[in-house]
1. What is the fewest-to-most order of A:Val160, A:Val232 by other Cβ atoms lying within 10 Å of their Cβ?
2. Quote to one decimal, in nm, the extra length available between B:Arg13 and B:Thr227 on full extension: 0.36 nm per residue of separation minus the C-alpha distance between them.
3. Could you please state, rounded to a whole Å, how far the C-alpha centre of the range B:12-33 is from the C-alpha centre of the range B:245-279?
4. Rank-order B:267-275, B:99-107, A:218-226 by packing density, defined as the average count of other C-beta atoms within 10 Å over each peptide's residues, highest first.
5. Evaluate E = 1/(1 + (r/R0)^6) for B:Glu99 and B:Thr274, where r is the Cβ-Cβ distance and R0 equals 51 Å; express this FRET efficiency to the nearest 0.05.
6. Distance cut-off 26 Å, Cα to Cα: go down the list A:Lys69/B:Lys296; B:Lys17/B:Lys190; A:Lys17/A:Lys190; A:Lys17/A:Lys136; A:Lys136/A:Lys190; B:Lys69/B:Lys136 and report the pairs above it.
7. Please report Rg over Rh for the range B:246-317, where both radii come from the alpha carbon positions and Rh follows the Kirkwood definition.
8. So if each residue of separation counts as 0.36 nm, and I subtract the Cα-Cα distance between B:Asp210 and B:Glu283, what length gain in nm does that give?
There are 2 protein chains.
Amino acid sequence: MSLAEGVRRGNVRATAKLITLIENHPESAVEDLRALHPHTGNAHIVGITGSPGVGKSTLTDALAKRWRKDGARVGIIAVDPNSPFSGGALLGDRVRMQELATDPGVFIRSMGARGRLGGLARATHNAIRVLDAGGKDVILVETVGVGQSELDIVQTADTVVVGLVPGMGDDIQSIKAGILEVADVFVINKADRPDARRLMMELQTMLDLDPEKGSAWQPPIERTVATTGEGVDMLMAAIRHHWEHLTRSGELEQRRRDRYEAELQAVVEDYWRTRFFEYWQREGHWEQMVEQLLRKETDPFSAARRLLTPFLDSESRRVGL
Amino acid sequence: MSLAEGVRRGNVRATAKLITLIENHPESAVEDLRALHPHTGNAHIVGITGSPGVGKSTLTDALAKRWRKDGARVGIIAVDPNSPFSGGALLGDRVRMQELATDPGVFIRSMGARGRLGGLARATHNAIRVLDAGGKDVILVETVGVGQSELDIVQTADTVVVGLVPGMGDDIQSIKAGILEVADVFVINKADRPDARRLMMELQTMLDLDPEKGSAWQPPIERTVATTGEGVDMLMAAIRHHWEHLTRSGELEQRRRDRYEAELQAVVEDYWRTRFFEYWQREGHWEQMVEQLLRKETDPFSAARRLLTPFLDSESRRVGL
């Protein structure tokens, strides 16, 4: 039985193994991913992001638990670009809520950068593909921080939840860069803190000033105390409401079209980069060309042409993808 | 007369025009850059970086003036990735020292990002190539900030000068990330401020803790008051001392080899990206493939193969570089 077949049958081991393959040897996972692709597109992918200290993991777990109550099958992918750790059903830094870890209807996975820059967003995307094809109804993708790589990851979601927490000082200022545009739902966690109300008003003011205010979807601001579960019902309702909006308005299709386009571009560039540099390492002409550049016997453009011509010629006979 | 010929003859207009071409239509500058390449490799390229407020421009101008006193021909490239402004002999935000602006032995140029991500480092690299081939003895490349793109730019230099200023609080902490490894010479500017001594000691302690401490070159720490010119003689001497070290130790050749390798890779990837996406936009199959992905009639890997095969086939007949 192939890993793809195992995934389709809901086999946890096959699912974990395929995701590990995606992380470590992506080129070996192509056949399985190819087989799974037609079975994707049913899950609601929810990205959860925000600064450290917001309580993203607690929020994610509380949401997962809430969805489980309705009988939904849930996948959780916790992404930390700063962590070299990956794999397993438990995170490197802390143990997931006991209830979730032992619930067969929940699949939990952490993913770290493992030193490979740029590859994490694609690996996450393919891990989502696996869980989607495996029959998960909801996939919660939790990312640490609000940097560019996290933005790339969170944008593979249908619904992006941005978490905030009162008393982080200039947080409302720093959130302006990038996050405002991608947020579909805001949640103020630890909303029992005294300055939660002020944060909510500040955020609302910021949203009212947003030039895109007139658009069809207005990001709601929910309030939770994730540790007690307060407000989680409302948060889930808001996320579902956004999903209904996406499907009804046709925006879901547009988002998926954009995502496929970005993915196709990434696959093509990856292919190119890997094959070309492998080819020239094998042939040993790369070093030679650099030497010639140093001796001014050639220039970078002529050198590139001399490397490209035989490669394209040999490659055109068979695309190894 | 081609622009390259004009540059070789020291024509200021031709030089400015070619750099503008590099910024706006890099593909049209290839022939001139190709012609100039054999005449490069003589200039000492000095990168000057540091946080805002360090006084980089004043330092750069003071160094330029000092080099001019020795009769050296000087080029200044001021790079600001955050600025959309480019061009001219004067910077967008302030007027360069009058003496320099009217001195025919100095060429000053500012370069901004103009919204094109990633291209700035290559454009800067090619602008350096132009000034080098045009006979400049020293090229000072001043960059704003200490982000990744600035690091990429500053690393095209033979000698990297990192500027610091007393009284910036946690500056010594924030400088640890990335900058420490690339600095060949440190300069504490505004060294007449009371806490200059403490900063110097802190920095020295940090350098003593550096695991690479045993290497052949120990970055010196110079002190300047660039506005009055104090310490600039010593700073220039340190930069020249580093240059002698580079040439004597063979490290100059190694740095240039690394730079050529990175450039060759960038040229090849640029070529690929531009040609491939142009090809598919022309043929119109890109959109079609995205539609098929949406309808699950294909998967991203098969789609990529179907796009790559005819492209490689057509391209192998003639590499248009």
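Nothing in this text is a laboratory measurement; each read-out follows from the coordinates by a stated rule. These numbers were taken from a predicted model, which means no experiment stands behind them. Cβ atoms come from the backbone with ideal geometry, glycine included; neighbour counts cover every protein chain shown.
1. So the residues, fewest neighbours to most, are A:Val232, A:Val160.
2. Details: separation 214, 0.36 × 214 = 77.04 nm, distance 3.04 nm.
Difference between extended and current length: 74.0 nm.
3. A separation of 19 Å, based on Cα centres.
4. Working: B:267-275: 18.2, B:99-107: 15.7, A:218-226: 20.3.
Top of the packing list down: A:218-226, B:267-275, B:99-107.
5. Once the sixth-power term is evaluated, E becomes 0.75.
6. Over 26 Å Cα-Cα: A:Lys69/B:Lys296; B:Lys17/B:Lys190; A:Lys17/A:Lys190; A:Lys136/A:Lys190.
7. The Rg/Rh ratio comes out at 1.29.
8. Additional length available on full extension: 20.8 nm.
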